[in-house]
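Notes for the one structure printed next.
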Amino acid sequence: MKKFRINVNGKSYEVEVEEVGGNTVAGVSAPVVVSTPVVAPIQAPTTSPAPVIPPKTTTSISANDAVVTAPMPGKIMFVKVKVGQQVNEGDLALTLEAMKMENEIFCSASGTVKEIRVGEGANVNPGDVLITIG
């Protein structure tokens with residue numbers, strides 16, 4: 001058994017280490033063969049395509065318009081509606097990835113899609129307006 005003193009995060013510890021499973025003959029250790037691991041070459045990271053972000057429009061939201069907002073922070077994976085499309089309340093509007101899970105976001109009202117404020121690949125925060133339905 002061998003005693004060692006180690007320091008971890010500024011604290012000193014005294015530990016005893018017992019060699020186990022070694023091949024010994026009359027108290028003499030047998031030579032140990034160590035193989036060098038083969039390291040695979042590092043590949044350059046692949047770049048993902050740039051997010052598709054629709055042009056910034058600043059259409060105002062009227063009192064009669066319904067909005068679909070982001071319920072949590074995440075990344076827009078798929079936009080399932082188009083501007084001018086007729087939608088019903090409960091129709092799938094888009095898919096939002098949050099914490100490695102795909103969350104389906106549904107239309108909050110029936111009507112015509114007036115504006116889509118996000119594109120696939122865009123990062124959103126809670127409360128961000130994603131779609132306007134008029």
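Straight-line reach from K80: taking Cα to Cα under 21 Å and skipping same-chain neighbours fewer than 8 places apart, the lysines in range are K56, K100, K114. The packing ranking of peptides 5-16, 109-120, 76-87, highest mean first, is 109-120, 76-87, 5-16, where packing means the average number of other beta carbon atoms within 10 angstrom of each residue. Listed by chain and number, the aspartates and glutamates placed with their C-alpha closer than 18 angstrom to that of K2 are E14, E16, E18, E19; residues fewer than eight positions away on the same chain are left out.
Annotation: amide H of S110 within the under-5 Å range of E89, sequence separation 5 or more or interchain, hydrogens built in the peptide plane.
Under the simplified labelling scheme, the Y13-M101 pair shows an inter-label distance of 3.6 nm, with each label point 7 Å from Cα along Cα→Cβ.
In units of the rule-of-thumb radius 2.2 N^0.38 Å, segment 66-133 shows an alpha carbon radius of gyration of 0.98. Residue separation of V20 and K82 scaled by 0.36 nm, minus their Cα-Cα distance, works out to 15.6 nm of gained length.
Please give the length that would be gained between K2 and S108 if that part of the chain were fully extended, namely 0.36 nm times their separation in residues minus their C-alpha to C-alpha distance (nm, one decimal).
On the way: separation 106, 0.36 × 106 = 38.16 nm, distance 6.93 nm.
Gain in length upon complete extension: 31.2 nm.
Values quoted throughout were computed directly from the atomic coordinates according to the rules given, and no laboratory measurement underlies them. Quantities reported herein were computed from a predicted structural model and do not represent experimental measurements. Don't worry about glycine lacking a Cβ; one is built from the backbone with ideal geometry, like all the others, and counts go over all protein chains shown.
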